[in-house]
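Worksheet: the structure to be examined is printed underneath.
The values are calculated or read from the model by the stated rules, or taken from the named source; none is laboratory data. Everything numeric in this text was worked out from a predicted model, so none of it was measured. Neighbour counts are summed over all protein chains in view; Cβ atoms, including those assigned to glycine, are modelled from backbone coordinates with ideal geometry.
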Amino acid sequence: MARATLTISSKNYSSWSLRGWLMVKMSGIPFDEVLSAVDDVDARAEILLLSPSILVPSLRYDKLKVWDTLAIGEFLNEVAPKAGLLPADRAARARCRSVCGEMHSGFSSLRSALPMNIKARFPNFKIWSKAIPDIERISTIWRECLSDSGGPWLFGKPTMADAMYAPVALRFQTYNVRLEGELAAYCERVLAWPALREWIADAEAEKEEIEELEVEF
């Protein structure tokens, strides 16, 4: 099996890098990490939501280069189909792609109101009203997927969908977004995911800070 290289940006701030990294970990493909500096143009544009084109993370595999997190997930599913990044059942697979696509293209108010910052904690954070519908929609997606699959992950076992929504669980923790019942249990399960715990440990060790995301809300 070819060894891959994944270029990512800050582990503390970059939600898209986390998604791509989780997918590569899930695939089982051996890979090396290349960490872009937080002042890299493409990395900073992604983190601060300044560009509609997400160029980080970027995956190199043999002579191929794949960027855009959703494209990386689809590519990895082709290269390592036994890893189960997409469900085996056609209907579940279609739904998984749909909820991944919704995260990929939507929830802009949530991204703006609750920027990724793993190390931070804002226990009394007042959520911007425009972000509430995004939180409600994500709650509906989680509830319906867990109900239909039987859990404990969105499609029974970890898939691309869980990787795509993992940064949401981290945001909910940072900004003390309260969940109940099965949604709280799912969020805790994601936060305890060994691969995510590895990422969090690296994020907490980062020294660089992005001033725009360190404001006391």
Which one is modelled with the highest pLDDT, of the residues in segment 39-78 that are polar (S, T, N, Q) and more than 18 Å from TYR165 (Cα to Cα)? SER58
Consider only pairs whose beta carbons are under 6 Å apart and that are at least six residues apart or on different chains; among these, list those whose first residue lies in segment 10-38 and is closer than 10 Å to VAL56 by Cβ and whose second residue is among the hydroxyl-bearing types (Ser, Thr, Tyr) and part of a helix (DSSP H, G or I). TRP16/THR69; GLY20/THR69
Go through (1) under 22 Å from SER17 (Cα atoms); (2) part of a helix (DSSP H, G or I) and name the single condition PRO133 misses. (1)
Touching a Leu at 6+ places or on another chain (Cβ under 6 Å) and either over 25 Å from LYS11 (Cβ atoms) or part of a loop (DSSP other than H, G, I, E, B) (or both) - does that describe any residue in segment 72-81? no
Given (1) of a type outside the set (Lys, Arg); (2) within 19 Å of ILE138 (Cα to Cα); (3) at pLDDT below 95; (4) crowded, with 18+ Cβ neighbours inside 10 Å, number of the condition VAL99 does not satisfy: (3)
Looking at ALA91, ALA166, can you tell me which residue is surrounded by fewer than 19 Cβ atoms within 10 Å (Cβ to Cβ), in a helix (DSSP H, G or I), modelled with pLDDT of 95 or more and at negative phi? ALA91
Given the criterion outside the structural domain of GLY28 (by TED's automatic domain parsing) and either over 23 Å from ALA184 (Cβ atoms) or acidic (Asp, Glu) (or both), identify the matching residue among GLY150, GLY101. GLY101
Here the residues within segment 53-92 that are within 20 Å of LEU35 (Cβ to Cβ) and of a type in the set (Lys, Arg) are ARG60, LYS65
The correct count of residues that are of a type in the set (S, T, N, Q) and part of a loop (DSSP other than H, G, I, E, B) in segment 112-130 is 2
Checking the structure you have, find out if any residue of segment 18-38 is over 18 Å from the mean Cα position of the chain (by Cα), at pLDDT 95 or above, buried (at least 19 other Cβ atoms within 10 Å of the Cβ) and not small (Gly, Ala, Ser). yes
If we scan segment 112-123, do we find a residue that is of a type in the set (S, T, N, Q), more than 24 Å from GLY28 (Cα to Cα), surrounded by 13 or more Cβ atoms within 10 Å (Cβ to Cβ) and out of contact with any helix residue (DSSP H, G or I) (no Cβ under 6 Å at 6 or more places or on another chain)? yes
Examine segment 189-209 for a residue that is free of Cβ contacts under 8 Å to residues at least 24 places away in the same chain, over 28 Å from ILE8 (Cβ atoms) and assigned to a loop (DSSP other than H, G, I, E, B), and state whether such a residue exists. no
